[in-house]
1. Tell me, what ³J(HN,Hα) does each residue in the range 252-269 have, in order and in whole Hz, if you take phi through Karplus 6.51 cos²θ - 1.76 cosθ + 1.60 with θ = phi - 60° and put x for Gly and Pro?
2. Report, ordered by chain and residue number, the lysines lying within cross-link reach of Lys666, taken as a straight Cα distance under 22 Å and ignoring same-chain residues fewer than 8 apart.
3. For labels at Ile830 and Glu556 in the simple 7 Å Cα→Cβ model, what's the distance in nm?
4. If you roll a 1.4 Å probe over the heavy atoms of the protein chains, what accessible area per residue do you get for the range 688-847, in Å²?
5. Give me the one-decimal nm value for the distance between modelled label points at Ala781 and His179, 7 Å along each residue's Cα-to-Cβ direction.
6. Under a point-charge model restricted to the Cβ atoms of Lys and Arg (+1) and Asp and Glu (-1), what is the dipole moment magnitude of the range 712-804 relative to its Cα centre, in debye to the nearest 20?
7. Report in % the part of the accessible area of the chain that belongs to carbon and sulfur, leaving out ligands and nucleic acids; probe 1.4 Å.
8. Rolling a 1.4 Å sphere over the protein heavy atoms, what is the accessible area per residue of the range 107-186, to the nearest Å²?
Amino acid sequence: MRSIGKDVQFALRAFLKSPVFTTVALLSLTLGIGANTAIFSLLDQVLLRSMPVKNPQELVLLGRNGYHYGSNWGDHALSYPMYRDFQANNSVFTGVFCRFGSDFSLGFNGTTERVTGELVSGTYFPVLGVGAAIGRTLTPDDDRLQDAHPVAVLSYAYWQSRFAKDQSIVGKTVAVDGHNFTVVGVAQKGFDGVDLGNTSQVFVPVTMRHQLMPLFDQFMGFEDRRAHWVNTFGRLKPGVSRQQAQASLQPYFHSMLEMEVQEAAFNKASAEVRATFLQNVLEVVPGGQGKMPFREQLSTPLWVLMALTGGVLLIACANVASLLIARAASRQKEIAIRLAIGAGRFRIIRQLLVESLLLSVAGGLLGLLLANWTDHALLAYLPADTGALTLSTAPDLRVLLFTTAVALFTGLIFGLVPALQSTKPDVAPVLKDTVGGIVGGGTHVRVRKALVAAQVMLSLLLLIGAGLFIRSLRNLRDMGPGFSAGNLVAFDLDPSLNGYSSDRCKLFYRQITQQLSALPGVRSTGLARIRILANNEWDNSATVEGYHAQGTDTPEPYMNSIAPGYFTTLNVPILAGRDFTEADSQYQQHGDKPEDTAPRVIIVNEKFAKRFFGSAGNAIGRHAGFGIDPGTKLDMEIIGVVKDIKYTNLRDEIPIQMFEPYLADKFVSGMTVYVRTSLAPEQFFSVVRSKIRALDSNLPIYGMRSMDEQISNSLLNERLIASLSAVFGFLATLLAVIGLYGVMAYTVARRTREIGIRMALGAFQGDVVWMVMREVLVLVAVGLAAGLVGSFALSKLVQSQLYGVTGHDPITVVLAAIGLAAVACAAGYIPAVRASRIDAMRALRYE
């Protein structure tokens, strides 16, 4: 240990004597390790980390794969009766629980705010193995009867932020959606529910759903087997694998399906639909990581970014290795003397490895600081109102272990080869001062040149990737949503969370629409149930007049429930027919005919009209109906056709769409308010808050942003990848240029005597410049050739993330190659010019 301590002291003194070398090496490692740590920290939280529960590897999530007959809410959704069946009849689980994520309005001491939460079964906390920080958690006794258990559990983070860790909150009453609930406890620290993309702040019994969500209860019946809305998790018994559980449960699952098709709800279903429905297969997937709706969406981008940062790290390692080789060459006489006086080769190798490991450890520590700052910058890409998404920038044990491993690995990689090569010099020639031979060369130089060629190759790959991602993002932005986004703002309201009935919600929306429309600078106002370009989706199976579906290939248009003026506000032209009016909605709701026979009107988009009727004009007056069973009533008349616009996001294709008037809907809850205004968004939003507060001071407003911001948010992945790949491409090019400059400067220094002799014999400056640049061009050409070959493999990896451009786009490839070649040649030209200005007499006396 004492000798290692001396090695450390010697290394520190050597670094202080070489400040330029130390600074460049540390900067290279900091950039490489910091970038990798930053991306790994996010990748770990989104894709790799398990929930903070007991033995998360034992948890599985149940789902169904196949044709569903009925209503479906979210992925991996089952009906509540099916959850109870699995709970009561299985031999593979020690426990089963269900949950459903929802937003609530929570009021306490006169203040009401919108919170995220979960409706959970009484087995939720016991099966997860999650305890209480104070009080207790929910138990099976808390969901025995419907609407009989108004109790709630708070998350630790919410208890800390809203109630300042006040332990007296247990036993007190809070208003959840206008209903009194008793807080019975606070969940253990670190647990925020099983939906990691929408962290929960309050947990209530699932049997309170009818009281809290009466509108939802109308179309997703609690006891309806065709209403799929709960996520069902199970904990495997010891020794039971996920595959064994699926094989064991499949026969029972099939018997449940056979029972369902015998019920009255299937009376109108065709034999083909019944047969297809019975082909459903039970899925048992890992559940230890919980749910994260956008995990699949972020998976490829994060792995792509991890690969990009890995390339930066390799270039940084090559750069430092090149610096160490040059440094080792300059220390050959020192090493030769130590070997000559009896120092062992292992002893010197250890000294050199200690130096490289010290560099890598210091680079790792600085990299952690850079990673923390980088993660803060990355989280700034997220929308400001996604507070329910919890991603930490503070490094935890896993991130620290990753950084330590990367630092030690890089230290060994870039330090071992120089250490091995520099400790086997031919001692006699070195001691005779014959290092600077007539012709520069040697193993050291060849290795450094190979490293430079590799750096050029990796830099080209990163630049091509950056160019492809930037062009893809530009294509998406240029395409646009299909309407003018300028001066268009939106915000969300949900009066039903404050206990409003459907009729009262309609009255409130009429009032707010009238008041906003009367404001100076407001051109028009519209409402919609589904916020567009927010990755939300509402689709419904339908029967269209004159269209005969083949098998289960039924029309499933994307739906939206809108107010009159919605299309005017978005500047979406009506191509045929007319817009909705207040009279349409009032007649359907209050007409003389019974509601189930009253005429209903809808508007469709151009794609819908062309697919089913050939043109927009032919669609007017035609009919459609919800449902696919034979004899489905075609009770909806098409009164208008509008221009196609995007729905979920800019990347997805425009779907077939149907629009219905929201005032004709029996169940109205949350809506997005769109306003076309000439006011600045910040100024307008302050006016909106005052208007809403005047109507209902306890009604939360959320999702306030301009349409430009909405579009930017919908391109989150594309912006993230394009921005970071551009940054990493720049860093890679910078490091490669530094490496090339260092190699050529070192080569010129080694060949000073040779260059002096050439100039003394009459060589011109141009000849010397060309002699050096010839080597530069060879290195760049080799690196570019290898990079171009590698780009074909790269194109296959990134194609799924591109839009409107191929992975081997020739323009991007050529521009990246020309740009890198120009910068690299410029870096090599500086040493070449310096070599041409060498004084021949001084060069002949060199060394």
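1. Ordered by residue, 3J(HN,Hα) equals 5, 4, 5, 5, 5, 5, 4, 5, 5, 5, 8, 7, 4, 5, 9, 4, 8, 5 Hz.
2. Lys506, Lys593, Lys633
3. My value for the distance between the label points is 5.9 nm.
4. 47
5. 7.8
6. 180
7. On the way: 20860 of 35890 Å².
Using a 1.4 Å probe with all protein chains present, the chain comes out at 58 percent carbon and sulfur.
8. On the way: 3200 Å² over 80 residues.
Solvent-accessible surface per residue comes out at 40 Å².
The values are calculated or read from the model by the stated rules, or taken from the named source; none is laboratory data. All figures in this text were calculated on a predicted structure; none of them were measured in a lab. Note that we place each Cβ from the backbone using ideal geometry, even for glycine, and neighbour counts take in every protein chain shown. Note: accessible area is taken over every heavy atom of the protein model, side chains too, but ligands, DNA and RNA are not part of it. Shrake-Rupley method; radii C 1.70, N 1.55, O 1.52, S 1.80 Å.
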